[in-house]
Amino acid sequence: MAEIISGRDIAQKIIETDLIPRVEKLKSREIFPKLVVILVGDHPASASYVRQKEKFAAKAGILAETWRFPDTITEDEILAEIEKINNDDTIHGVIVQLPLPKGISVEKILAKIDPQKDVDGFTAENIGKLFLGEPCLQCCTPKGIIRMIEESGETLEGKNVTVIGRSNIVGKPVSALALNKNATVTTCHSRTKNLAEHLKNADIVIVAVGRPEMIKGADLPKGCVVIDVGIHRKEDKSREKGWRLCGDVDFESAKDVVAKISPVPGGVGPMTVVSLIENTIEAAEK
Ligand code: NAP
C-alpha cells in the first residue's frame, strides 16, 4: 500500500508553522493582510470553494471578504470593482472566482488585476515571471503541488516528471515549476501519441486531465510518486448521498503499485487554498 501524501495535513502544518507567525509579524507592524474574493452568480461549486477559502483565511488569521454580485452584472461593472480594489491599500489580494457568466471576458477581467494583488497568479505578468523562474505570485494549484511533493520528502532535481494535462492553470505552469527545480519534464495532452511510453520511466506523475479515474494502476510505473489533481463527483449508489468524490487517478488500482499518492479529497485541494492564503500574506509583506 502506497504512502498517502495528505495535502490536508501538510496545509495545516504550513498554516501553523509558517503562515500564522508571518501574519503575527505583519500585525505587529499594523498591517492586516486582506483578501477579496469576487463571486458572480450562484454556481454551487464556486460557493463551496469560496467557503473553503474563507475557512483557511480565518485559520491563518487574515481577513477575507467575499464580494457577491448577481449574474446580471456587466463586464464594465466588474472592471470598475477591480479598479476600486487596485486603488485600495488595505486590500492585498484579489481573486475572481471562475467560471464567470457567459459574455464576460475572463481575459479582460484578469488583465485588469494589479499583478501585485494577483494572488491567483493568473495575470500574464505573473505567469511570464513563473516561466522565467523569477520571483512572482505563483498560481496556486501548481505552487501547492510542488510544495506537497517536497514536503513529502521528495526532491525534484534530476527526476523524470510526467505531467498529463497542459491547461494554463495547472499542466503548463506545474511543468515550468518542475523544470525550474531541475526535473526532466514531459508534458502530455490529448494529442500525445502513446501516453504509456511517456509514463514508463516517470519518477513522479502529475495527473490533471479532468477525466474521472482515467489513469489506472496498470498505467503507472511501479514505485513512482503520483499527484492527482482532478476532482469529480462520481455517482455511487452505495453511498447515502448517491455520489462520492474521485480524482483523475483510479486510487484503488493505483495504491498498490505506486510508492506515494495524493488522495482525493484531501490532496491537492487544500494545498491550492493554502497557497492562495500564502500569496495574500506574501503580497502584504511586499
Ligand atoms: P482542463 O483545462 O480541462 O485541461 C485538461 C488537460 O488534459 C488538457 O490539456 C487536455 O489536453 C488533457 N487531456 C484531456 N484528455 C486527455 C487524454 N485522454 N490524454 C491525455 N491528456 C488529456 O483541466 P484543468 O483545469 O487543468 O483541471 C484538471 C483537473 O484538475 C480537473 O478535474 C479540475 O477540476 C481539477 N482541478 C483541481 C484543482 C484543485 O485545487 N484541486 C485546481 C484546478 C483544477 P488538450 O490540451 O489537448 O485538450
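Rule-based calculations on the coordinates, nothing more; no lab input. Because the structure is predicted, anything quoted here is derived from the model rather than measured. Reconstructed Cβ throughout: ideal geometry from the backbone, glycine too, with neighbour counts over all protein chains shown.
Can you put Ser152, Ser275, Ser167 in order of Cβ neighbours within 10 angstrom, beginning with the fewest? Please list the in-between numbers first.
Working: Ser152 18, Ser275 29, Ser167 15.
Lowest count first: Ser167, Ser152, Ser275.
Rank Asp228, Asp76, Asp114 by mean-square fluctuation in a GNM of the chain with C-alpha springs under 10 angstrom and give only the top-ranked residue.
Between Asp228, Asp76, Asp114, it is Asp76 that shows the largest mean-square fluctuation.
Once you've got the Cα coordinates, tell me which of Lys13/Lys55; Lys181/Lys255; Lys34/Lys112; Lys25/Lys108 are over 24 Å apart. If you can, show how the numbers build up before the last one.
Values: Lys13/Lys55 15 Å; Lys181/Lys255 26 Å; Lys34/Lys112 19 Å; Lys25/Lys108 36 Å.
Beyond 24 Å: Lys181/Lys255; Lys25/Lys108.
Please report, to two decimal places, log10 I(q)/I(0) for the range 30-126 at q = 0.11, 0.16, 0.19 Å⁻¹ as given by the Debye formula with identical point scatterers on the Cα atoms and no solvent.
Debye output, listed in q order: -0.30, -0.65, -0.92.
Taking other Cβ within 10 Å of each residue's Cβ, how do Phe69, Phe251, Phe122 sort, fewest first?
Values: Phe69 15, Phe251 19, Phe122 24.
Sorted ascending by nearby Cβ count, the order is Phe69, Phe251, Phe122.
May I ask you to derive the FRET efficiency for Thr66 and Asn87 from their Cβ-Cβ distance with R0 = 22 Å, giving the value to the nearest 0.05? Display every interim value, and only then the final one.
Numbers: r = 20 Å, r/R0 = 0.90.
Given R0 = 22 Å and the Cβ-Cβ separation, E is 0.65.
Assuming 0.36 nm per residue, please report the length gained on full extension of the stretch Asp236 to Phe32 beyond their Cα-Cα distance.
Working: separation 204, 0.36 × 204 = 73.44 nm, distance 4.42 nm.
Once the chain is fully extended between Asp236 and Phe32, it gains 69.0 nm.
Once you keep just the Cα pairs under 8 angstrom separated by 6 or more residues, what percentage relative contact order results for the chain? Intermediate results must be reported in sequence, preceding the final value.
Values: 561 pairs, mean separation 65.4, N = 286.
Computed over the chain, the figure is 23 percent.
May I ask you to sort Met1, Met148, Met271, Met214 by Cβ crowding, counting other Cβ atoms within 10 Å and putting the fewest first?
Details: Met1 7, Met148 25, Met271 30, Met214 16.
In increasing order of surrounding Cβ atoms, one gets Met1, Met214, Met148, Met271.
Convert each backbone phi in the range 232-246 into a coupling constant with the Karplus relation 6.51 cos²θ - 1.76 cosθ + 1.60 (shift: θ = phi - 60°), then list the ³J(HN,Hα) values in order as whole Hz, x for Gly and Pro.
The phi angles translate into 9, 8, 10, 4, 8, 5, 6, 8, 4, 7, x, 8, 9, 8, 9 Hz.
May I ask you to derive the FRET efficiency for Thr192 and Asn168 from their Cβ-Cβ distance with R0 = 25 Å, giving the value to the nearest 0.05?
Values: r = 18 Å, r/R0 = 0.70.
FRET efficiency, Thr192 to Asn168: 0.90.
Over the range 154-286, what is the percentage of antiparallel beta bridges among all DSSP beta bridges, to the nearest 5? Walk me through the intermediate numbers first.
Details: 4 of 20 bridges.
Percentage antiparallel, nearest 5: 20.
Calculate the spin-label point distance for Ala218 paired with Leu245, positioning each point 7 Å from the Cα along the beta-carbon direction, and give it in nanometres.
According to this spin-label approximation, the distance is 2.9 nm.
Calculate the length of the line joining the C-alpha centroid of the range 210-240 to that of the range 15-41, in whole Å.
Taking the Cα centre of each part, the range 210-240 and the range 15-41 sit 34 Å apart.
Count neighbours as other Cβ atoms within 10 Å of each site's Cβ, and list the GluC sites (Glu not before Pro) in the range 1-74 that are DSSP loop with at most 11 such neighbours.
Details: sites: Glu3, Glu16, Glu24, Glu30, Glu54, Glu65; in loops: Glu30.
Passing both the DSSP loop test and the Cβ count: Glu30.
Set Lys and Arg Cβ to +1 and Asp and Glu Cβ to -1, take the dipole of the range 234-286 about its Cα centre, and tell me which of Ile281, Trp243, Gly266 lies farthest positive.
The residue sitting farthest along the positive end of the dipole is Trp243.
Go through the range 134-199 and name the trypsin sites (Lys or Arg not before Pro) that are in a DSSP coil and have 11 or fewer other Cβ atoms within 10 Å of their Cβ. Spell out each step's value before the answer.
Numbers: sites: Lys143, Arg147, Lys159, Arg166, Lys181, Arg191, Lys193; in loops: Lys159, Arg166, Lys181, Arg191, Lys193.
For trypsin sites (Lys or Arg not before Pro) across the range 134-199 that sit outside H, G, I, E and B with at most 11 neighbouring Cβ atoms in 10 Å, the list reads Arg191, Lys193.
Given the -39500 (n - 2.57) contribution per DSSP H run of 4+ residues, what per-residue ellipticity at 222 nm results for the chain, rounded to the nearest 500 deg cm²/dmol?
Mean residue ellipticity, 222 nm, calculated: -11500 deg cm²/dmol.
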